[in-house]
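These notes concern the structure reproduced below.
Each value in this text was obtained by applying a stated rule to the coordinates, not by laboratory testing. Since the model is a prediction, treat every value here as computed from it, not as a measurement. Neighbour counts are summed over all protein chains in view; Cβ atoms, including those assigned to glycine, are modelled from backbone coordinates with ideal geometry.
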Amino acid sequence: MGSQQWYACEEHVDILIDEVVDREELAPSLYPYEKSDTARDRCNWCGKRPAYVLRVETESES
Ligand SMILES: [Zn+2]
């Protein structure tokens, strides 16, 4: 068991949801990105500061 995360800015959240659904065949859960001074997370699409976190819980492969 684990989870995978992606980050998305306001602009690309829809695109990234589509990407995740395509790849994982699961709809990701969407959370607001919690800003912190030390965070270096970037939108997976454009590299800007993220506004959302997309998370998919993955089951073990076997
Ligand atoms: Zn973006």
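Percent of C-alpha pairs per 10 Å bin in the chain, short distances first: 24, 51, 22, 3. Dipole check for the chain: with +1 at the C-beta of Lys and Arg, -1 at the C-beta of Asp and Glu, and the Cα centre as origin, the magnitude is about 420 Debye. Only one residue of 7, 39, 17 has its Cα farthest out toward the positive end of the dipole of the chain, where Lys and Arg carry +1 and Asp and Glu -1 on Cβ, and that residue is 39. With axes computed from alpha carbons, what is the tilt in degrees of helix 13-24 against the longest principal axis of the chain, rounded to the nearest 10 within 0 to 90? Helix 13-24 sits at roughly 20 degrees to that axis.
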